[in-house]
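A.B. asks: Here you go, one structure.
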Amino acid sequence: MTSAGSGLTIWQTCALSLLVFTGASQFALVGALAAGGNPLTAAAGAFFLGVRNAFYGLRLSQLLALPRAVRPFAAQWVIDETSAVAVAQPTRRAARLGFAVTGLSLYVLWNLTTLLGALGAEALGDTDAWGLDAAGPAVFLALLAPMLKTATERAVAGLAVLLGLGLLPVLPAGMPVLVAALAAPVALWVEGRRREDRLEEGDR
Amino acid sequence: MNVWIAIGATALGCYAVKLVGLLVPAGALEKPLVKRLAALLPVALLAALTAQQTFAEGGTLVLDARAAGIGAAAVALVLRAPFLVVVAAAVVVTAGVRAVVGG
């Protein structure tokens with residue numbers, strides 16, 4: 001695993017996985033530390049990658065309607081994967097179940113593989129040769145597809161893809177996805193303008 | 001020691017942003033426009049993320065076997081294939097293209 005190869009101890013590697021539990025942030029932190037970066041600068045970069053989870057939380061808050069006492073515990077599981085599964089569910093019950101099952105299984109698996117990786121196990125070999133790196137985006141695509149029901153949703157997704165890819169070479173890691181989130185308010189604004197236009201035409 | 005400081009700061013920061021979203025009171029999200037926005041944000045984030053995981057290698061854009069794999073997944077989705085078939089199509093096609101082209 002990357003963290004073990006960059007001078008972190010097993011304890012540090014596992015603590016990072018258990019406490020941070022946002023893959024992109026973990027890799028960013030490890031990479032920045034390995035490059036000899038200042039610890040707080042490294043943490044700031046990792047933090048940027050985690051900011052999008054706040055937007056997921058906003059949606060999950062209404063979708064799951066969790067009791068206030070449960071929220072601090074559920075928060076640690078608010079990540080890309082759990083959000084994708086939860087928002088794809090038709091009912092609140094299914095969304096809660098999807099969030100909990102995805103959260104628990106990923107938390108266990110992720111930390112287990114981190115531990116094994118830190119211990120130096122390379123049993124899986126080169127997972128890329130098996131095409132497993134395509135599984136992640138394929139899962140996201142399959143969860144996303146049913147959400148693209150109306151023109152607005154499709155416009156949001158299309159614009160977000162353009163922003164996310166177009167800004168990737170020019171902005172620091174994590175920022176392009178955050179800027180891509182702007183596709184949502186932009187599409188809503190355009191949708192609002194169109195509705196106004198239609199109303200005005202109706203008046204005539 | 002420095003590493004522990006970095007881990008602690010990252011853990012605190014990342015947990016805080018996760019919690020902030022969840023703690024927004026339901027009342028603040030009741031306006032139809034805010035509701036729509038909150039529903040569209042995950043669509044934007046996941047779309048951008050999917051595209052990056054398909055076409056990005058570090059900070060550069062690349063066209064490799066993954067694009068073929070995700071293309072296959074998209075075709076499977078259009079054909080209304082079950083979830084696991086969609087993911088399997090992506091994995092198998094990516095591995096196949098990689099084995100043939102070696103990228």
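Values in this text are rule-based calculations from the coordinates and carry no lab data. Keep in mind that this is a model prediction, so the values were computed, not measured. Here the Cβ positions follow ideal geometry from the backbone for every residue, glycine too, while neighbour counts run over all protein chains shown.
A.B. asks: Tell me, what is the FRET efficiency for B:Leu29 and B:Ala99 to the nearest 0.05, using R0 = 45 angstrom and their Cβ-Cβ distance as r?
C.D. replies: After rounding, the FRET efficiency stands at 0.40.
A.B. asks: Could I ask something else about it? Tell me, in nm to one decimal, what length is gained between A:Thr91 and A:Val170 on full extension, where the rule is 0.36 nm per residue of separation less the Cα-Cα distance? Working shown, then result.
C.D. replies: On the way: separation 79, 0.36 × 79 = 28.44 nm, distance 3.99 nm.
Value of the extension gain: 24.5 nm.
A.B. asks: For B:66-73, what's the mean count of beta carbons from other chains sitting within 10 Å of each residue's beta carbon?
C.D. replies: 4
A.B. asks: Can you tell me the dipole magnitude for the protein assembly as shown around its Cα centre, using point charges on the Cβ only (Lys, Arg +1; Asp, Glu -1), in Debye to the nearest 20?
C.D. replies: On the way: 21 positive and 16 negative charges, 208 e Å.
Here the size comes out at about 1000 debye.
A.B. asks: Any chance you could give the angle, 0 to 90 degrees and rounded to 10, that helix A:183-203 forms with the longest Cα principal axis of chain A?
C.D. replies: Taking the Cα atoms of chain A, the angle to A:183-203 is about 10 degrees.
A.B. asks: Further question: Summing +1 for each Lys or Arg and -1 for each Asp or Glu, what net charge is found among the other residues whose Cβ lies under 14 Å from the Cβ of B:Leu46? Intermediate results must be reported in sequence, preceding the final value.
C.D. replies: Details: positive: A:Arg52, A:Arg59, A:Arg154; negative: A:Asp80, A:Glu81, A:Glu153.
Neighbour charge sum, excluding B:Leu46 itself: 0.
A.B. asks: Obtain the nm distance between the two label points defined at A:Thr113 and B:Ile5 by a simple spin-label model: each point lies 7 Å from its Cα along the Cα-to-C-beta direction.
C.D. replies: 3.2 nm
A.B. asks: Okay, moving on. Note down the magnitude of the dipole of segment A:39-137 about its Cα centre, charges +1 on Lys and Arg C-beta and -1 on Asp and Glu C-beta and zero elsewhere, to the nearest 20 debye.
C.D. replies: Details: 7 positive and 6 negative charges, 179 e Å.
Here the size comes out at about 860 debye.
A.B. asks: Oh, and also: For chain A, set up a GNM with springs between Cα atoms under 10 Å and report which of A:Glu153, A:Glu81, A:Glu191 has the largest fluctuation.
C.D. replies: A:Glu191
A.B. asks: Then there's this: Take A:Arg154 and A:Trp189, extend 7 Å from each Cα along the Cα→Cβ direction, and tell me the distance between the two endpoints in nm.
C.D. replies: The modelled label-to-label distance comes out at 2.3 nm.
A.B. asks: Which shape class applies to segment B:32-82: rounded if a/c is under 1.5, otherwise prolate when a/b exceeds b/c and oblate if not, where a ≥ b ≥ c are the square roots of the Cα gyration tensor eigenvalues?
C.D. replies: Here segment B:32-82 falls in the oblate category.
A.B. asks: Return a whole-number percent for the relative contact order of chain B, with Cα pairs under 8 Å and 6 or more residues apart as the contact set.
C.D. replies: Numbers: 47 pairs, mean separation 18.7, N = 103.
Dividing the mean separation by the residue count of chain B yields 18 percent.
A.B. asks: For segment A:39-186, what D do you get in µm² per second when you plug the Kirkwood radius from alpha-carbon pairs into Stokes-Einstein at 37 °C and 0.692 mPa s? It would help to have the intermediate numbers written out before the result.
C.D. replies: Numbers: Rh = 17.4 Å.
Estimated diffusion coefficient is 189 µm²/s.
A.B. asks: A follow-up question, please. For segment A:37-149, what is the relative contact order in percent, using Cα pairs closer than 8 Å and at least 6 residues apart in sequence? Display every interim value, and only then the final one.
C.D. replies: Values: 52 pairs, mean separation 26.2, N = 113.
Relative CO of segment A:37-149 lands at 23 percent.
A.B. asks: Then there is this: With runs of 4+ DSSP H residues as the only contributors, calculate the mean residue ellipticity of chain A at 222 nm using -39,500 (n - 2.57) per run, divided by the residue total and rounded to the nearest 500.
C.D. replies: Calculated from helices alone, the mean residue ellipticity at 222 nm is -21500 deg cm²/dmol.
A.B. asks: Can you give me the long-range amide H partners of A:Leu168? Hydrogens built in the peptide plane at 1.01 Å from N, cutoff under 5 Å, separation of 5 or more residues or another chain.
C.D. replies: Placed amide hydrogens put nothing under 5 Å from A:Leu168.
A.B. asks: Sort largest first and round to whole Å: the equivalent ellipsoid semi-axes of segment A:148-204, each the square root of five times a Cα gyration tensor eigenvalue.
C.D. replies: 30, 10, 7
A.B. asks: Something else: Taking Cα pairs under 8 Å and at least six residues apart, what relative contact order does chain A come out at, in percent?
C.D. replies: Across chain A, relative contact order equals 21 percent.
A.B. asks: On to the next question. Cα-Cα pairs above 23 Å in the protein assembly as shown: how many percent? Before the final figure, lay out the partial values.
C.D. replies: Details: 27771 of 46971 pairs.
Of all Cα-Cα distances in the protein assembly as shown, 59 percent exceed 23 Å.
A.B. asks: Out of A:Ser105, A:Ser25, A:Ser17, any idea which swings most in a Gaussian network model of chain A, alpha carbons joined below 10 Å?
C.D. replies: A:Ser105
A.B. asks: A follow-up question, please. For chain B, what ratio Rg/Rh do Cα atoms give with a Kirkwood hydrodynamic radius?
C.D. replies: On the way: Rg = 19.6 Å, Rh = 17.3 Å.
Ratio of gyration radius to Kirkwood radius: 1.14.
A.B. asks: Let me ask something else. Report the calculated FRET efficiency for A:Ala35 and B:Leu63 (r = Cβ-Cβ distance, R0 = 22 Å), to the nearest 0.05.
C.D. replies: That pair, A:Ala35 with B:Leu63, gives E of 0.20.
A.B. asks: Now a separate question. What is the distance in Å between the Cα centroid of segment B:63-97 and that of segment A:56-96?
C.D. replies: Rounded to whole Å, the Cα centres lie 28 Å apart.
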